[in-house]
Amino acid sequence: MAGKVVIHIFHDDPSALNTGSHVAERIRQTKDENGVDLEVYIFGPAEKVLGGKDNEAYSKAIQGLVQAGVPVHTCIDIANAIGATEDFSAMGLDLEYARDAFIRYAKEGATVISF
């Protein structure tokens with residue numbers, strides 16, 4: 001692969017949630033032909049609303065990415081704080097400290113796009 005693209009979804013407003021998850025899906029559809037790896041990191045406010053009833057389209061989009069084999073990570077500290085560790089694991093999300101993920105992205109030379 002030529003490189004890695006990371007979609008970082010942080011903000012919890014509908015525009016950021018829907019656009020971030022949509023862009024991740026569109027990249028997923030063409031990643032092989034473009035020679036890139038794709039990863040999603042959900043953090044902060046966007047993590048706190050994941051799985052909630054108010055944002056079903058966002059949660060479904062994230063589930064679709066997981067089911068398609070895209071690595072999707074959330075911050076283990078936030079998951080612990082909101083009592084969602086088991087739920088996120090059951091959804092197929094990887095729990096990883098934000099500091100570790102972002103250091104890893106820097107070492108990998110990944111392109112991180114935030115929403």
Among the residues of the range 86-106, is there at least one that is of a type in the set (Phe, Trp, Tyr), in a helix (DSSP H, G or I) and over 13 Å from the mean Cα position of the chain (by Cα)? yes
Only one of Tyr97, Tyr105 is closer than 20 Å to Gly3 by Cα and either surrounded by fewer than 16 Cβ atoms within 10 Å (Cβ to Cβ) or at pLDDT 95 or above (or both), namely Tyr105
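Conditions (1) closer than 29 Å to Gly109 by Cβ; (2) among the aromatic types (Phe, Trp, Tyr); (3) out of contact with any strand residue (DSSP E or B) (no Cβ under 8 Å at 6 or more places or on another chain), marked per residue:
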{"residue": "Lys4", "(1), (2), (3)": "yes, no, no"}
{"residue": "Asp13", "(1), (2), (3)": "no, no, yes"}
{"residue": "Asn18", "(1), (2), (3)": "yes, no, yes"}
{"residue": "Tyr41", "(1), (2), (3)": "yes, yes, no"}
{"residue": "Glu47", "(1), (2), (3)": "yes, no, no"}
{"residue": "Ser59", "(1), (2), (3)": "no, no, yes"}
Single match in Val70, Val112 (criterion: touching a helix residue (DSSP H, G or I) at 6+ places or on another chain (Cβ under 9 Å), assigned to a loop (DSSP other than H, G, I, E, B), surrounded by 13 or more Cβ atoms within 10 Å (Cβ to Cβ) and not small (Gly, Ala, Ser)): Val70
Conditions (1) buried (at least 19 other Cβ atoms within 10 Å of the Cβ); (2) over 11 Å from the mean Cα position of the chain (by Cα); (3) small (Gly, Ala, Ser): number failed by Ala24: (2)
Scanning the range 73-84 residue by residue, the ones that are in a helix (DSSP H, G or I), more than 15 Å from the chain's Cα centre (by Cα) and of a type outside the set (D, E, K, R) total 2
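The values are calculated or read from the model by the stated rules, or taken from the named source; none is laboratory data. Every value quoted in this text rests on a predicted model; they were computed, and no experiment measured them. Reconstructed Cβ throughout: ideal geometry from the backbone, glycine too, with neighbour counts over all protein chains shown.
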